Amino acid sequence: MTKQCNKCGEVKELEGFSKRSITKDGYRGTCRFCATAMSKAWQAANRKRQAAHVKAWRIKNKEHVKEYERANKERKSATNKAWKSLNPDRLNFHTAKRRAAKLERTVPWANNEIIEALYAEARRLSDTTGTLFHVDHVIPLQGKLVSGFHVETNLQILPWYDNLSKSNKFEL
């Protein structure tokens with residue numbers, strides 16, 4: 001069976017349309033291609049609104065997000081590895097920038113023994129639990145609004161998924 005798309009006017013097989021129970025024939029009026037294009041256009045025109053929606057959904061569904069990230073750990077790792085191999089210049093730039101920022105933000109009064117102990121504890125937790133733990137800066141070294149120091153009081157140990165979802169943000 002075929003159907004004509006309301007947007008592009010093309011006649012396509014029903015597999016080209018998403019199902020929708022409230023319509024007479026049980027399919028959307030626009031084909032999948034047009035629906036995707038309209039969705040992307042809306043998202044581009046409403047970036048802030050879309051970002052707020054996604055953020056609210058992720059907060060509301062924290063457990064679901066963590067479970068999804070755990071289940072797709074290998075896929076995400078492969079994607080990251082592929083990106084790194086395709087973008088060595090950008091990777092080197094970001095690595096050098098981070099290293100410089102960390103050196104710039106390390107102060108003479110920092111207790112290096114405690115900092116080293118925190119990294120050792122994160123490694124121990126990773127080895128014992130099987131979940132990767134990161135040492136995270138509570139106040140980011142390169143935050144947009146605030147920038148912290150690389151000192152023991154600004155460090156915390158977090159599971160990788162919490163640290164990566166936090167990104168470079170600082171929230172009270």
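Flag: Ala96 matches the condition of being within 24 Å of Val151 (Cα to Cα) and loosely packed, with under 12 Cβ neighbours inside 10 Å. Could you tell me whether any residue of region 7-21 is in a helix (DSSP H, G or I), closer than 17 Å to Ser165 by Cα and among the small types (Gly, Ala, Ser)? No, region 7-21 contains no residue that is in a helix (DSSP H, G or I), closer than 17 Å to Ser165 by Cα and among the small types (Gly, Ala, Ser). Got at least one residue in region 139-157 being part of a helix (DSSP H, G or I), surrounded by fewer than 16 Cβ atoms within 10 Å (Cβ to Cβ) and among the hydrophobic types (A, V, I, L, M, F, W, C)? Taking every residue of region 139-157 in turn, none turns out to be part of a helix (DSSP H, G or I), surrounded by fewer than 16 Cβ atoms within 10 Å (Cβ to Cβ) and among the hydrophobic types (A, V, I, L, M, F, W, C). In region 110-128, what residues are open to solvent by less than 80 Å² (accessible area, probe 1.4 Å) and out of contact with any Phe, Trp or Tyr (no Cβ under 9 Å at 6 or more places or on another chain)? Within region 110-128, Asn111, Ile114, Ile115, Ala117, Leu118, Ala120 meet the criteria. Restricting the first member to region 15-42 and to residues that are more than 12 Å from Lys3 (Cα to Cα), and the second to residues that are open to solvent by 100 Å² or more (accessible area, probe 1.4 Å) and not hydroxyl-bearing (Ser, Thr, Tyr), the beta-carbon pairs closer than 7 Å and six or more apart or on different chains are Cys34/Lys7.
Of all the criteria given as (1) without any contact (Cβ under 8 Å) to a residue 12 or more places away in the chain; (2) open to solvent by less than 60 Å² (accessible area, probe 1.4 Å), the one not satisfied by Ser77 is (2). Restricting region 129-138 to residues that are more than 22 Å from Leu103 (Cα to Cα) and touching a strand residue (DSSP E or B) at 6+ places or on another chain (Cβ under 8 Å), the residue that is surrounded by the fewest Cβ atoms within 10 Å (Cβ to Cβ) is Thr131.
The values are calculated or read from the model by the stated rules, or taken from the named source; none is laboratory data. The structure presented is a predicted model; accordingly, all values stated were derived computationally and were not measured. Cβ: placed from backbone, ideal geometry, glycine included. Neighbour counts: every protein chain shown. Accessible surface areas use protein heavy atoms only, side chains included; no ligands, DNA or RNA. Shrake-Rupley method; radii C 1.70, N 1.55, O 1.52, S 1.80 Å.
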